[in-house]
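Comments concern the structure below.
The values are calculated or read from the model by the stated rules, or taken from the named source; none is laboratory data. Bear in mind that the values here come from a model prediction, so they are computed numbers and not experimental data. All Cβ positions, glycine included, derive from the backbone under ideal geometry; neighbour counts span all protein chains shown.
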Amino acid sequence: MLPSPTLPLEKDELKGNRVPRRITAFFCGLILAALPLASYAGKPAARAPTYETMPAVRDFIRSMHEQHGFDVDRLTAQFARVRPNQAVLKAIQPAAVPEQQRSWQRYRDRFVNSRRIDNGVAFWNENGVELMRAQALYGVPAEIIVAIIGVETEYGQNMGRFSVLEALASLAFSYPPRADFFRAELEQFLLLTRENDQGPLDVKGSYAGAIGIPQFMPSSLRRFAVDFDGDGRIDLRGSVADAIGSVGHFLQRHGWQEDAPVASPAAVSGEPANLVAAGVKPNLAAEDLARNGVTVNGGVEELPSRPSALIDLVTPGLPTEYWLGFDNFYVITRYNRSSFYAMSVFQLAEAIKNTRGIDSNGK
């Protein structure tokens, strides 16, 4: 869900070269002389108008009033305090260079690394009771819950500082490619804040409008979040227990199979394009895989009897890595519809579990 960071520019340095004072004074004079001209060289760019002036927003406000009983004046006043956020609109754009969009090694290194593994072990140790309760209740292994929270926000360290109202409005009304999706999320967000007696302008989240430790979109928060700490309210920003329970509940509701595998390494000797094109939903039988030269563990083991999907993990300049993804792999992609994401969660989960030195039952 996140764009790549931009590296800071290096500063030029003078290493032992003295500049004569008269030259320094000359250039200082030029700079001072230019200051009045610079002051009038141009006016700062005008800020974009706030959203309540846009016809599409006025239609949205009217719809929220007619369908859900929102007060038109109050909602209009709230949209009058937000405007198109250029940082949001830039972050949502796909990578400018196509080959930067798909590199498994680069993606994996961002999420499966010593920092997230060590912090994941610490998070597990601190929240073991809640994790074991979620595992028992929802059937989802503790390490999977920990890994999702680790990938999403580094265990609550990076939950986002954008105004969720402004972020969702920017994407709903100023980003046509996904306007319908984000307009629906904006509707869900306003319903959510009304239900929780929150001010829409007070909620912070990611540039895409995801909220809290597990980064739930508003629609997922309303459908799948749970009050796991029993305090009478759902708080995904302030309650680690609520975050843990909500991730487990989300995965269970999307079909997680208790004690079933997630993925298995594979090798391909034939042409896999048609199998990969079938997608991440498991629908390939063992005979489909064998017919296309797919094996597991060097051909020593039999192909699994359960349906699977062939997952290709592509890194430019390196051999493609292949895995068989099963139903639980597909369930992880319901959280984020990317095979890279699901594999990062799986591998981070395995690394955390192995580093902590226990089995999946927490014994």
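Where helices (runs of 4 or more DSSP H) fall entirely within region 270-335, those with at least 1 residues that are among the hydrophobic types (A, V, I, L, M, F, W, C) and without any contact (Cβ under 8 Å) to a residue 40 or more places away in the chain are at 273-277, 286-291. The residues in region 291-346 that are loosely packed, with under 14 Cβ neighbours inside 10 Å and polar (S, T, N, Q) can be counted, and the count is 3. For region 336-359, the candidate set comprises residues that are part of a loop (DSSP other than H, G, I, E, B) and farther than 13 Å from Pro141 by Cα; within that set, the residue that is farthest from the chain's Cα centre (by Cα) is Gly357. The criterion of at least 3 residues that are within 16 Å of the chain's Cα centre (by Cα) and buried (at least 17 other Cβ atoms within 10 Å of the Cβ) is met, among helices (runs of 4 or more DSSP H) falling completely within region 108-214, by 142-153, 164-173.
Sub-7 Å Cβ pairs linking a first residue in region 222-242 that is of a type in the set (Ser, Thr, Tyr) to a second residue that is crowded, with 16+ Cβ neighbours inside 10 Å, at least 6 apart or interchain, are Ser239/Asp229, ordered by first then second residue.
None of Leu186, Leu137 is of a type outside the set (D, E, K, R) and under 17 Å from Ile61 (Cβ atoms) except Leu186. Evaluate region 204-215: report whether one residue or more is free of Cβ contacts under 8 Å to residues at least 12 places away in the same chain and not polar (S, T, N, Q). Scanning region 204-215, I find no residue that is free of Cβ contacts under 8 Å to residues at least 12 places away in the same chain and not polar (S, T, N, Q), so the answer is no. For Leu348, are the conditions met, namely being within 24 Å of Phe224 (Cβ to Cβ), at pLDDT 95 or above and of a type in the set (A, V, I, L, M)? Yes.
Taking region 81-101 as the range and being at pLDDT 85 or above, within 18 Å of the chain's Cα centre (by Cα) and part of a loop (DSSP other than H, G, I, E, B) as the test, the residues that pass are Ile92, Gln93. Residues of region 247-260 that are crowded, with 22+ Cβ neighbours inside 10 Å, touching a Phe, Trp or Tyr at 6+ places or on another chain (Cβ under 6 Å) and over 18 Å from Asn125 (Cα atoms): Phe250 alone.
Out of all the residues in region 125-137, is one or more in contact with a strand residue (DSSP E or B) (Cβ under 6 Å, 6 or more places away or on another chain) and touching a residue at least 60 places away in the same chain (Cβ under 8 Å)? Among the residues of region 125-137, not one is in contact with a strand residue (DSSP E or B) (Cβ under 6 Å, 6 or more places away or on another chain) and touching a residue at least 60 places away in the same chain (Cβ under 8 Å), which makes the answer no. Kindly list the number of the only condition in (1) more than 30 Å from Gly248 (Cβ to Cβ); (2) surrounded by 19 or more Cβ atoms within 10 Å (Cβ to Cβ); (3) of a type in the set (Ser, Thr, Tyr) that fails for Ser103. Result: Ser103 passes all but (2).
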